[in-house]
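The values are calculated or read from the model by the stated rules, or taken from the named source; none is laboratory data. Here the structure is a predicted model, which is why all the values come from computation and not from measurement. So basically every Cβ, Gly included, is an ideal-geometry build from the backbone, and we count neighbours across all protein chains shown.
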Amino acid sequence: MKQSVIWKYEIPVDGETHHFQIPGGDVAECVRCESLTPGVVTIWLMLPVNALAVMTSFIVIGTGQEYPENWNFVGTCLDRQFVWHVFDRTGM
């Protein structure tokens, strides 16, 4: 049986790409996405245990904004009057 662990990442809401070393590099499931701090989206990801870390890029986009092609949707976060959407791309 493949084991997983939940990791927490904080991504600034600034329209820029942010890079993290993610175990396995493949976001299997977003467990939770919320805004605990103004200007930052916090995500909890279910990732494989003991997998090699792979550079993964994240971007946070507001509703109605364009996002880059070939990126994967991770989750949506409600932040008071704003709604943010998180996308990822492996190997950038």
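Evaluation of G64 against the conditions (1) under 15 Å from F20 (Cβ atoms); (2) outside any strand (DSSP E or B); (3) not charged (D, E, K, R) shows that the sole unmet condition is (1).
May I ask you to list the residues in the stretch 67-92 that are assigned to a strand (DSSP E or B) and among the hydroxyl-bearing types (S, T, Y)? Quick ask: steps written out before the conclusion?
From the stretch 67-92, those assigned to a strand (DSSP E or B) are 72-79, 82-90; that's our starting set.
Selection gives T76, T90.
Residue-level analysis places G64 among those that are modelled with pLDDT of 90 or more and on the phi > 0 side of the Ramachandran plot.
Condition check ((1) in contact with a His (Cβ under 8 Å, 6 or more places away or on another chain); (2) without any contact (Cβ under 8 Å) to a residue 40 or more places away in the chain) across all residues:
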{"position": "F20", "(1), (2)": "no, yes"}
{"position": "W44", "(1), (2)": "no, yes"}
{"position": "L52", "(1), (2)": "no, yes"}
{"position": "Y67", "(1), (2)": "yes, yes"}
{"position": "D79", "(1), (2)": "no, no"}
{"position": "V83", "(1), (2)": "no, yes"}
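Yes/no matrix, rows are residues, columns are (1) under 25 Å from K2 (Cβ atoms); (2) polar (S, T, N, Q):
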| site | (1), (2) |
| --- | --- |
| V40 | no, no |
| I43 | yes, no |
| V49 | yes, no |
| T76 | no, yes |
